[in-house]
Structures are given as C-alpha cells and as structure tokens.
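Engineer: Input: one structure, supplied below.
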Amino acid sequence: MTDNTQKGSAPLLSVDGLSVEYRSKGRSLPAISDVSFELKAGEAIALVGESGSGKTTTAMAIAGLLPPNAAVSAGTVRYRGERLPIDDDAAMRPHRWSETSVVFQGAMNALNPMHRVVWQIAEPCMLKLGLSRDKARAKAMELLELVGIPADRGAAYPHQLSGGMRQRVMIAMALACNPSIVIGDEPTTALDVITQAQILKLLGELRARLNLGLVLITHDLSVVAETCDRVMIMYAGRIVEEGRVVDIFAAPRHPYTRLLIASIADPASGNRTIQSIPGDPPNLQTRPSGCAFHPRCPSAMGICSAAIPDFERIEQGCVACHLYSHVQPLEKVSAHA
Ligand SMILES: Nc1ncnc2c1ncn2[C@@H]1O[C@H](COP(=O)(O)OP(=O)(O)OP(=O)(O)O)[C@@H](O)[C@H]1O
Ligand code: SF4
Ligand SMILES: [Mg+2]
C-alpha cells in the first residue's frame, strides 16, 4: 500500500494513546491518560463524563490549544493520516482552526461587545484565509445564513442578539476557516432547553450538509441519544467505555456507564443531568490507584484498587473494567482464528 492510499483511507481524526499532564506547584499531574479513538467524516461522537474527567483537556490537546502549563506526555493525533505537531505551538499554528475548531462552553459571552458580529466572523477569514475585506465580509454573511441568522443581522452588536443567536455566531466563527472537524465543548450548557434543542439540531444539520466530523462534549446523556452515533465515557482522565450509542444505551457494560444511564432512566422526573452516583469524582491530586472508579463502584473487587484495567474490545464496543478481564477479547479471537 502506498502512502497516498494510506492517507486516502485514513480516518479524519485518529487519536492514539494521548496523555496530557498539567504542571502545578512544581508537580506534573496526569489529566488524561491513554486516550484513543477515531472519527470519520460525517460522524458524530460524544465524549461524556463528570466534571474534571478530562473532556476539555482532550479537546484542547486535539485542537492544539492546551494552556502553557500543560504538556503532551505521550500519544499522537493524526488528521487524515498526518501526524499533527500538537506539542509545538508554532508548528501547530497553520493547523489550528482550519482542520479542527472548537465551540467552547459559554463562549457566546466571549464575543467582543464593541464589534459588529459580521466583522468578528470576517476577521479569521482575513487572518487565516487571506481574504480581502470585502470577500471576508461576504463569506461572514454566508456563514450567518448557514447558521440560521439573516445576513443583515450581522450588523448587530452581540448585546442586540439573544443567547441562542450569539451561540449561532460562535458556530459560524468556528466554521470560518472551513474545518472538517468541529468539537462542541458543552456548546448548549448556558442555554434554555428549547434553544439547546435548536442549537443541537443546527449542529446535526451542519454535520450532514458539510460532512463534518463532530465531537460533542457533554454532561448530559440525553443529548447524546438524540445527536450522536457513538459515545465515549470518560472517568478520571481515561476512556472507560466506547461504542455505538444504541448499543451502550441498550446494554451498558462498565459500572460507571450503568450508573450514568440509570441516572437519566426516568424522563418523567425531568432529570436530564448526571446525578445520584455515590461519592465525588476525584481531582488530579486524589486520583485513586488501579481503576480510579473503585471507591465508588458497586462491583469493586480486590484487583480493582491494584491494577488499571486494559481497554479491550468486547462484542460491540470497548470497555476498561476487570469484570470483563475473563472475556476473550474479540481482537485476540479473530487474530487466532
Ligand atoms: N490549566 C490547568 N492547570 C491545572 N489543572 C488543570 C488545568 N485545566 C484543567 N485542570 C485539571 O485537569 C482535570 C481535567 O480538567 P478538564 O477541564 O479537562 O475536565 P472536564 O471534564 O472538561 O470538566 P468540566 O466538565 O468541569 O468542564 C481537572 O482535575 C482540572 O482541575
Ligand atoms: S475495574 Fe473494578 S472498580 Fe473499576 S469499574 Fe470495573 S469492577 Fe468497578
Ligand atoms: Mg470542560
């Protein structure tokens, strides 16, 4: 197989063994460890987990936007088969926003209050794409229409738009440099329920229309069911379960996933967020040994505090839990067939 063939068949995004540490008070502490997944064009994958599990760190690392006190300690990120220099700020500059862009949580409040929104969208078109002022303005107006805002509303200042419209502007900005991947980091958290649904619908329509790969970060599993093809469950910096949304909702394997799904099992209660899991998620300083979920896990065994379970493929997905260590992994089964 030639290099070109390999690139042609490569996934849009391929994350392999990604680990990131934060330096704080003279210590380096792992925030995410051994994160691996692939994303195809037009596919939507959710990244779900409690606060502090490492979702934003994963997004920032992939997009080359880690803060200065973070370091990539292991792993690779490939875009269409090509390795990205995610740990080199200057080398990453040409890739940033043009391949992967991020819509941040509450970012709509970060719009510049002094500038008309059309120019806030036009600016990256001038800076990154080298468009003239007129062409950048025309592109910004097209992007506004694409996200469901009449182009003439581009003359508005941010305070003249509703929260939902400001978040649509942020999505237009994220699309300004024609990325193939959009990461939505809790893009609807600050919005009311009806506007949340509209923004998620918009992201779904844009995904289909532009064949975008979408990574949707959320606390809210009910959002995942409506929006995504696959889901990754993250706990204390590691992916602990991954699979198709339909499979994971029908038969969650990991005890943490089971508790998450049980916590939204009764829609009549109006409970749409992660709740009712005993204990608190660990922070960077207090991550437990072995399987980090063991202090909260109803199925914990002796080995759980001693050894980190491997992330293994079983049946329709992957899981990291000692409950499944006796199961012959499918990859090994097929390798010996
Ligand atoms: N700049 C930083 N310096 C030091 N520690 C950090 C930094 N940013 C995040 N952390 C820590 O890294 C861990 C992962 O944080 P991250 O923001 O990725 O989690 P998250 O899953 O996105 O959480 P949330 O749902 O609250 O947004 C947390 O323990 C957090 O306190
Ligand atoms: S490895 Fe052990 S503690 Fe961790 S989720 Fe599985 S059973 Fe629970
Ligand atoms: Mg976050």
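Engineer: I need the full set of residues from segment 136-148 which are under 26 Å from the mean Cα position of the chain (by Cα) and buried (at least 16 other Cβ atoms within 10 Å of the Cβ), in order please.
Structural biologist: If the condition is that a residue be under 26 Å from the mean Cα position of the chain (by Cα) and buried (at least 16 other Cβ atoms within 10 Å of the Cβ), then ALA140, LEU143, LEU144, LEU146, VAL147, GLY148 are the ones that fit.
Engineer: Which condition does GLU50 not pass, out of (1) closer than 21 Å to VAL182 by Cα; (2) under 14 Å from the mean Cα position of the chain (by Cα), if it passes all the others?
Structural biologist: Unmet for GLU50, out of (1) closer than 21 Å to VAL182 by Cα; (2) under 14 Å from the mean Cα position of the chain (by Cα): (1).
Engineer: Shifting gears a bit: Quick check: is even one residue across segment 2-13 surrounded by fewer than 17 Cβ atoms within 10 Å (Cβ to Cβ), outside any helix (DSSP H, G or I) and modelled with pLDDT of 95 or more?
Structural biologist: No, segment 2-13 contains no residue that is surrounded by fewer than 17 Cβ atoms within 10 Å (Cβ to Cβ), outside any helix (DSSP H, G or I) and modelled with pLDDT of 95 or more.
Engineer: Being within 13 Å of ligand 3 (Cβ to nearest atom) and not small (Gly, Ala, Ser) is the filter here, so list the residues in segment 41-65 that pass it.
Structural biologist: LEU47, VAL48, GLU50, LYS55, THR56, THR57, THR58, MET60, LEU65
Engineer: Continuing with this model, one more query. So which of LYS55, LYS40, LYS25 is out of contact with any strand residue (DSSP E or B) (no Cβ under 9 Å at 6 or more places or on another chain) and not small (Gly, Ala, Ser)?
Structural biologist: LYS25
Engineer: Another question, if that's okay. Can you find a residue in segment 320-333 that is at pLDDT 95 or above, of a type in the set (A, V, I, L, M, F, W, C), surrounded by 20 or more Cβ atoms within 10 Å (Cβ to Cβ) and near ligand 2 (Cβ under 9 Å from one of its atoms)?
Structural biologist: Looking through segment 320-333, at least one residue is at pLDDT 95 or above, of a type in the set (A, V, I, L, M, F, W, C), surrounded by 20 or more Cβ atoms within 10 Å (Cβ to Cβ) and near ligand 2 (Cβ under 9 Å from one of its atoms).
Engineer: Regarding segment 113-135, can at least one residue be identified that is at positive phi and surrounded by fewer than 23 Cβ atoms within 10 Å (Cβ to Cβ)?
Structural biologist: yes
Engineer: Can you name the number of the only condition in (1) surrounded by fewer than 19 Cβ atoms within 10 Å (Cβ to Cβ); (2) within 16 Å of ligand 2 (Cβ to nearest atom) that ARG83 fails?
Structural biologist: Here ARG83 meets the rest and fails (2).
Engineer: Working only within segment 15-56, note down all residues that are surrounded by fewer than 19 Cβ atoms within 10 Å (Cβ to Cβ) and more than 16 Å from ligand 1 (Cβ to nearest atom).
Structural biologist: ASP16, GLY17, SER36, GLU38, LYS40, ALA41, GLY42
Engineer: Looking only at residues that are in contact with a helix residue (DSSP H, G or I) (Cβ under 6 Å, 6 or more places away or on another chain) and within 16 Å of ligand 1 (Cβ to nearest atom) in segment 87-114, which one is nearest to LEU161 (Cα to Cα)?
Structural biologist: Filtering segment 87-114 for residues that are in contact with a helix residue (DSSP H, G or I) (Cβ under 6 Å, 6 or more places away or on another chain) and within 16 Å of ligand 1 (Cβ to nearest atom), the one nearest to LEU161 (Cα to Cα) comes out as ALA107.
The values are calculated or read from the model by the stated rules, or taken from the named source; none is laboratory data. Please read these numbers as outputs of a predicted model, since none were measured by experiment. Backbone-built Cβ (ideal geometry, glycine too); neighbour counts: all protein chains shown.
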